[in-house]
């Protein structure tokens, strides 16, 4: 026997037994497979075993399912949050556009009203946007985006679609300041459109009210009378609406009446006004039948006829026309 050869290998009893057991198990497994394939008698056993083992499978797969659910919920929440933010931004943008469209519609309606007044009365006006509004009780003014470079002058009347707003008091190269008729320092010569009674309307610091003061008790004034500019003083042309009489009451001395006026112009609304150029006048007021024809004159307690119309003087060098004599009645033939 060579020197390098090891000791002889001898089979141990335990190894032979293990090999025999493995072969027996293999033979048993093959037999069961063959019998199940031929007769199917192991199907019921497998069903029962699967029923018993199913809770174990559910418990074993629970961590995976929880992980998948948490992942899906997180992704869904992120997507919903992103979609919610996107929809909120779109809603804000849509609301902003809608508000802008509503503002544009309101401005368009106001401009149409202003242009309609200018066309209907045949006025030469200038459109001036409003930059700032000062409606303090002691200061009622507008800052307009039009100045001396645009031809604005001190004293120009300011109107809107409703009526008289005020007048220009200060003019700068790029802007001007308008004093509203409701300012405490402002007064407007007015008259009643119904009968022509002349009065003066004063501002009292309120944007929704004017006052007629020192009205005689016997004046023909009523609630609901329309008040327009009289043209006295030459600052405001005659015929522009100023307001409507909404209340009449006696003053503290009970010797005169005080009338409260609701302004015809929208003093607290609008974004543009009209500046009336010089030499303009409002459309003539309608004349009622009682106002047409000569008006009798009252002297004392007697009613006298109005004086005859004065004949216009004849220009020099031209003789007045001679009225031909009326023909005498013809004598009857004898």
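The values are calculated or read from the model by the stated rules, or taken from the named source; none is laboratory data. Computed from a predicted structure; not experimentally measured. Cβ coordinates were reconstructed from backbone atoms using ideal geometry, including for glycine residues, and neighbour counts include every protein chain displayed.
Miscellaneous remarks
- Residue check, residue 200 in the same structural domain as residue 246 (by TED's automatic domain parsing), free of Cβ contacts under 8 Å to residues at least 24 places away in the same chain and not in a strand (DSSP E or B): no
- Of the residues making up the stretch 180-222, those that are under 27 Å from the mean Cα position of the chain (by Cα), surrounded by fewer than 16 Cβ atoms within 10 Å (Cβ to Cβ) and within 12 Å of residue 258 (Cα to Cα) number 0.
Every residue, every condition in (1) part of a helix (DSSP H, G or I); (2) at pLDDT 85 or above; (3) in the same structural domain as residue 204 (by TED's automatic domain parsing), yes or no:
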{"residue": "92", "(1), (2), (3)": "yes, yes, no"}
{"residue": "102", "(1), (2), (3)": "yes, no, no"}
{"residue": "113", "(1), (2), (3)": "yes, no, no"}
{"residue": "130", "(1), (2), (3)": "no, yes, yes"}
{"residue": "140", "(1), (2), (3)": "no, yes, yes"}
{"residue": "158", "(1), (2), (3)": "no, yes, yes"}
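- The stretch 216-252: number of residues that are closer than 15 Å to residue 166 by Cβ and assigned to a loop (DSSP other than H, G, I, E, B): 5
- Within the stretch 26-42, the residues that satisfy the criterion of being surrounded by 10 or more Cβ atoms within 10 Å (Cβ to Cβ) and not in a loop (DSSP other than H, G, I, E, B) are 26, 27, 28, 29, 30, 31, 32, 33, 34, 35, 36.
- Filter result for residue 277 (within 23 Å of residue 209 (Cβ to Cβ) and modelled with pLDDT under 90): no
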